[in-house]
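The values are calculated or read from the model by the stated rules, or taken from the named source; none is laboratory data. What you are looking at is a predicted structure, and each value in this text was computed from that prediction instead of being measured. Please note: Cβ atoms are built from the backbone with ideal geometry, for glycine as well, and neighbour counts cover all protein chains shown.
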Amino acid sequence: MNITFSEKMSKIKGSAIREIFKVAGDPSYISLAGGNPSPDTFPNVELSKIAEKYLAENPVLSLQYGVTEGYMPLREAVKNRLRNRENIGTENDDLIIVSGGQQGIELCSKCLLNEGDVVIVEEPSFIGALNCFRSFNAKLVGVSVEEDGMNIEELESKIAENDNVKIIYTIPTFQNPSGNTMSLEKRKKLYEVALKNNIIIIEDNPYGELTFDGEKVPTIKSFDTEGIVLYAGSFSKVLAPGMRIGFCMGCKELIGKMVVAKQVSDVHTPMITQLMAYEFIENFDLDGNIEKARMLYAHKCDVMIKAMDKHFPDTVKYTKPKGGIFIWCTLPEGFDSIDVSKECMKEKVVFVPGSTFMVDMEKPCNSFRLNYSTMDDERIEKGIEILGKVLTKLTK
Ligand SMILES: Cc1ncc(COP(=O)(O)O)c(C=O)c1O
């Protein structure tokens, strides 16, 4: 049978990175391509104790259906953390537990987007969110990301050029893929612009806790008095992504609608992993685990940057992130990073070409993303040395 797929899904194409991910799990390759957290940060011993305890002592709570909003004590624990650590949450806000931040973005899109509505995205941006907006037949409009975040003048002109902008999607802290962080000034300006134009901001912040030097720029949600920011957070990078625990905080009206959307999506996030997250927050050392991840990634980032300083030609520029797990590299104009990627694959080194993170994925792109979270120091150094040689050869 010839299956006729929906128009929505026809917008989402398999990309050049499919080939990369096919080999990224092959141990003979050095993969600087993924976005996975390091398994060394998974508190598996503690989590297995918690799971065993709940399954033995509280099988009904662990295995029965739960409520769509999420396990109430977990919701309260997350709200407390957000209030104490990020100064987030007003009496008009509510919080839903979602099956990863990705689901939060999807539920919000489902509630807000009609076909043809415009979503403003940073360019480059997270492929999972871009594909989500594409799947709702939204029109994506890109705004460039500078060292201190989104270009606000460009944002204002893109809003003026497009009638029906519904959402501005931003990853302001340790952005995926650029590693950049938006300044406080720009966050305030972005908020003002969105408010003036009646646009919802999705503030996606899965990497915010992974600061290397402890510095934190206030979240956009922390000055959201009008309920226009949906804050999406996740335990994927600070606990374990396979648990699929994320959360969204936004105005009660939007969260209420997202609850209805979640009912027809997966009913609720699995109870057993919600209980594990709750118990870990309450009775184990989540902050200690975050600290461990921060130190590990600060070290790995340093190893990668030092190797890049040594092996990359001067013409290739790169970001020096202060947190998170990605570095963004840019070749001189006229080069296409896919060519670099093909050469490197022959040498068994993989990374993600920049076009993957763009609104127009077909257009050649002279940037690419490197990840340092999963390889050991030796493989990071070796991978960068090989990449440096390829870059030197191609750009001379
Ligand atoms: C920017 C960004 N947002 C959201 C997600 C989704 O994370 P999860 O669904 O595991 O919470 C990711 C995952 O890599 C990401 O990089």
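Below are the figures for this structure:
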quantity	calculated
Residue among Ile3, Ile30, Ile50 that alone is out of contact with any His (no Cβ under 9 Å at 6 or more places or on another chain) and within 25 Å of Asn131 (Cα to Cα)	Ile3
Candidate set from region 330-355 (those that are over 18 Å from Glu146 (Cα atoms) and among the β-branched types (Val, Ile, Thr)); member that is surrounded by the fewest Cβ atoms within 10 Å (Cβ to Cβ)	Ile338
Failed item in (1) of a type in the set (Gly, Ala, Ser); (2) assigned to a helix (DSSP H, G or I); (3) buried (at least 18 other Cβ atoms within 10 Å of the Cβ), with Ala160 passing the rest	(3)
Selection within region 331-348 - under 23 Å from the mean Cα position of the chain (by Cα) and either in the same structural domain as Ser178 (by TED's automatic domain parsing) or within 16 Å of Thr392 (Cβ to Cβ) (or both)	Ser337, Ser341
Failed condition for Pro177, given (1) within 24 Å of Cys365 (Cβ to Cβ); (2) over 17 Å from the mean Cα position of the chain (by Cα); (3) not hydrophobic (A, V, I, L, M, F, W, C)	(2)
Meets criteria (closer than 30 Å to Asp40 by Cβ, away from the ligand (no atom under 16 Å from the Cβ) and not in a loop (DSSP other than H, G, I, E, B)) for Glu203	no
Helices (runs of 4 or more DSSP H) lying entirely in region 1-94 (those with 1 or more residues that are at pLDDT 95 or above and in the same structural domain as Phe126 (by TED's automatic domain parsing))	44-57, 59-63, 72-81
Pair list, Cβ < 7 Å and 6+ apart or interchain, from region 124-137 residues that are farther than 21 Å from Asn114 by Cβ and touching a residue at least 60 places away in the same chain (Cβ under 8 Å) to residues that are of a type in the set (S, T, N, Q) and in a loop (DSSP other than H, G, I, E, B)	Pro124/Ser178; Phe126/Asn176
Of the criteria (1) within 16 Å of the ligand (Cβ to nearest atom); (2) surrounded by fewer than 24 Cβ atoms within 10 Å (Cβ to Cβ); (3) of a type outside the set (A, V, I, L, M, F, W, C); (4) not in a loop (DSSP other than H, G, I, E, B), which one Asp266 fails	(4)
Answer residue from region 269-303, given it is of a type in the set (S, T, N, Q) and part of a helix (DSSP H, G or I) and is nearest to Leu32 (Cα to Cα) among those	Asn289
Residue in region 96-117 that is touching a helix residue (DSSP H, G or I) at 6+ places or on another chain (Cβ under 8 Å) and within 21 Å of Pro321 (Cβ to Cβ) present	no
Qualifying residue in region 96-109 (condition: assigned to a helix (DSSP H, G or I) and away from the ligand (no atom under 16 Å from the Cβ))	no
Set Lys196, Lys188: member being surrounded by fewer than 18 Cβ atoms within 10 Å (Cβ to Cβ), more than 11 Å from the ligand (Cβ to nearest atom) and free of Cβ contacts under 8 Å to residues at least 12 places away in the same chain	Lys196
Residues that are surrounded by fewer than 22 Cβ atoms within 10 Å (Cβ to Cβ), within 11 Å of the ligand (Cβ to nearest atom) and more than 19 Å from Phe235 (Cβ to Cβ), drawn from region 110-141	Ile127
Identity of the residue in region 206-223, under 20 Å from the mean Cα position of the chain (by Cα) and part of a helix (DSSP H, G or I), that ends up farthest from the ligand (Cβ to nearest atom)	Ser222
Any pair with Cβ under 6 angstrom, 6 or more apart, that starts in region 156-177 at a residue that is within 14 Å of Ile200 (Cα to Cα) and ends at one that is surrounded by fewer than 24 Cβ atoms within 10 Å (Cβ to Cβ) and charged (D, E, K, R)	Asn164/Asp117; Lys166/Asp117
All positions within region 224-246 that are assigned to a loop (DSSP other than H, G, I, E, B) and more than 14 Å from the ligand (Cβ to nearest atom)	Asp224, Thr225, Glu226, Gly227, Ile228
For Asn137: the one exception among (1) part of a loop (DSSP other than H, G, I, E, B); (2) of a type in the set (S, T, N, Q); (3) farther than 26 Å from Asn197 by Cβ	(3)
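Quick grid of which residues meet (1) touching a helix residue (DSSP H, G or I) at 6+ places or on another chain (Cβ under 8 Å); (2) closer than 27 Å to Gly388 by Cα; (3) not assigned by TED's automatic domain parsing to the domain that holds Val60:
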site: Cys248; (1), (2), (3): yes, no, no
site: Leu254; (1), (2), (3): yes, no, no
site: His268; (1), (2), (3): yes, no, no
site: Ala298; (1), (2), (3): no, yes, yes
site: Asp314; (1), (2), (3): no, yes, yes
site: Lys320; (1), (2), (3): yes, yes, yes
site: Gly324; (1), (2), (3): yes, yes, yes
